Amino acid sequence: MEGKLTWVEIQDGIGWIKINREKKLNALNRDLIDELHDRLVDFQKDSSLKVVILTGSGDKAFVAGADISEFSSFGPQEAAELIRHGNKALFDFIPQLEKPVIAAINGYALGGGLELAMACHLRIAAQHAKMGLPEVSLGIIPGYGGTQRLPDLIGKGNAMEMILTGDMIGAEKALQMGLINKVVPSEKLLEASINLAERIMKNAPNSIKNAIKSVNSAERISKGFQEENFQFSNCFGTADFDEGIAAFFEKRKAKF
Ligand code: COA
């Protein structure tokens with residue numbers, strides 16, 4: 001089924017969602033976040049479906065981040081509202097789904113794109129995929145849970161390095177660090193995702209649901225999220241923000 005910004009299908013107990021904004025490297029704008037939310041709500045209700053696989057259209061990008069053009073003129077209050085909405089509808093919503101969501105990372109997963117992959121329960125990447133949190137190069141910081149979920153997955157030291165440098169890493173390094181569960185040649189990405197889904201689907205649905213709740217219950221995450229929201233919003237309306245965003249649109253490196 002083709003939506004405005006996503007394509008969905010249910011097949012053999014798997015709910016597929018493909019983000020369909022290839023020309024903008026599947027960047028997440030508000031409409032896309034809302035559409036993804038609606039799709040996930042439908043999937044949650046559908047008892048024929050046991051696992052969700054989320055991927056991006058094309059072979060260049062999973063999601064190249066939050067849509068920069070959407071927040072380029074925002075001040076702190078609008079920024080706070082942007083992430084409040086995005087986190088509620090998607091980034092905090094996915095981890096709490098009772099059905100596992102696998103991110104099939106088919107290319108760049110940057111900024112909000114990597115945060116989206118990290119909000120999923122499991123991640124498989126194509127060999128050519130590149131991952132990073134480049135927000136500091138734009139004069140902001142991650143606002144969709146990246147400062148919390150990345151250290152959880154790869155440890156504080158590695159996460160600090162990725163967040164403070166904004167550098168991208170390749171799929172093999174991401175695997176070594178524990179950021180992703182598996183790396184496969186790009187033509188095998190969907191097959192490997194189905195294989196992982198099938199290994200989960202043979203187990204008791206109630207156990208899967210309870211295991212997700214239990215793994216996600218770590219308390220420190222909620223406090224850290226509040227701080228991230230606050231620090232993210234504080235970046236907006238600053239000279240660094242103006243320069244970072246201008247540099248992106250002028251396709252040049254920012255001079256801070
Ligand atoms: N928000 C809005 N638009 C985006 C975007 C984003 N996060 N990422 C890519 N795009 C758009 C580009 O503006 C471009 O649009 P145009 O064709 O209208 O100019 C189109 O997608 C293709 O991207 P382009 O930059 O031309 O591709 P590239 O191959 O030269 O570079 C990237 C690929 C991923 C390295 C580069 O697009 C990039 O750095 N994107 C932003 C990553 C980022 O900072 N994400 C965090 C946001 S918080």
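Based on the Cα atoms of the chain, what semi-axes does the equivalent ellipsoid have, where each is the square root of 5 times one gyration tensor eigenvalue, given in whole Å with the largest first? Numbers along the way, then the final one.
On the way: eigenvalues 162, 71, 67 Å².
After scaling each eigenvalue by five and taking roots: 28, 19, 18 Å.
So how do 135-147, 91-103 stack up, highest first, on mean other-Cβ count within 10 Å? If you can, show how the numbers build up before the last one.
On the way: 135-147: 24.0, 91-103: 20.0.
Put in order of decreasing packing, that is 135-147, 91-103.
Classify segment 115-202 as rounded, prolate or oblate, taking a ≥ b ≥ c as the square roots of the eigenvalues of its Cα gyration tensor: rounded when a/c is under 1.5, otherwise prolate if a/b is larger than b/c and oblate if not. Don't jump to the answer; show the numbers that get you there.
Values: a/c = 2.27, a/b = 1.81, b/c = 1.25.
Prolate, because a/c is 1.5 or more and a/b exceeds b/c.
I'd like the distance between the alpha-carbon centres of segment 239-256 and segment 93-165, rounded to an integer number of Å.
Result: 23 Å between the Cα centres.
Indicate the gyration tensor shape class of segment 95-148 (rounded, prolate or oblate), computed on the Cα atoms with a ≥ b ≥ c the square roots of the eigenvalues: a/c under 1.5 is rounded; otherwise a/b larger than b/c is prolate and the rest oblate. Let's see the in-between values first.
Details: a/c = 3.68, a/b = 1.29, b/c = 2.85.
Cα axes put segment 95-148 in the oblate bin.
Pairs of alpha-carbon atoms within less than 8 angstrom and 6+ residues apart define the contacts here; what relative contact order does segment 149-204 have, in percent? Intermediate values should be presented prior to the final figure.
Values: 23 pairs, mean separation 13.6, N = 56.
24 percent.
Could you work out the relative contact order of the chain, using alpha carbon pairs under 8 angstrom and six or more residues apart, expressed as a whole percent? Each step should come with its number before you reach the end.
Details: 489 pairs, mean separation 49.1, N = 256.
Once divided by the residue count of the chain, the mean separation gives 19 percent.
Rounded if a/c is under 1.5, else prolate if a/b is larger than b/c, else oblate: which is segment 168-221, with a ≥ b ≥ c the root eigenvalues of its Cα gyration tensor?
Values: a/c = 4.06, a/b = 1.27, b/c = 3.19.
Because a/c hits 1.5 or more and a/b fails to exceed b/c, segment 168-221 counts as oblate.
For segment 65-191, what's the relative contact order in percent, using C-alpha pairs closer than 8 Å and at least 6 residues apart?
Numbers: 210 pairs, mean separation 32.8, N = 127.
26 percent.
Please list, or write none, the lysines whose alpha carbon is within less than 30 Å of the alpha carbon of LYS251, excluding same-chain residues fewer than 8 places away.
Correct list for LYS251: LYS4, LYS18, LYS23, LYS24, LYS60, LYS130, LYS173.
Which peptide among 18-31, 104-117 comes first, and what is the full order, when sorted by highest mean count of other Cβ atoms within 10 Å? Each step should come with its number before you reach the end.
On the way: 18-31: 19.2, 104-117: 28.4.
By packing density, highest mean first, the sequence is 104-117, 18-31.
Provide the packing ranking of 43-52, 222-231, i.e. peptides ordered by the mean count of other C-beta atoms within 10 Å per residue, highest first. Present the calculation step by step, with values, prior to reporting the outcome.
Working: 43-52: 16.4, 222-231: 14.0.
Ranking, from highest mean packing down: 43-52, 222-231.
Give me the net charge of PHE93's neighbourhood, meaning all other residues with Cβ under 12 Å from the Cβ of PHE93; Lys, Arg count +1, Asp, Glu -1. Provide the component values of the computation, followed by the final result.
On the way: positive: ARG39, LYS88; negative: ASP34, ASP38, ASP92, GLU98.
Net of charged neighbours comes to -2.
Where does the chain land at 222 nm, in deg cm²/dmol rounded to the nearest 500, when only DSSP H runs of n ≥ 4 count, each adding -39500 (n - 2.57), divided by all residues? Mind dumping the intermediate values first?
Values: 11 runs with 115 residues, N = 256.
Computed mean residue ellipticity for the chain: -13500 deg cm²/dmol.
Quick one: which residues, 5 or more positions from GLY13 or on another chain, have an amide H under 5 Å from its amide H? H modelled 1.01 Å from N in the peptide plane, none for Pro or chain starts.
none
Each reported figure results from applying straightforward, stated rules to the coordinates on display, with no laboratory input. Nothing here was measured: the structure is a model prediction, and the numbers come from that model. Cβ atoms come from the backbone with ideal geometry, glycine included; neighbour counts cover every protein chain shown.
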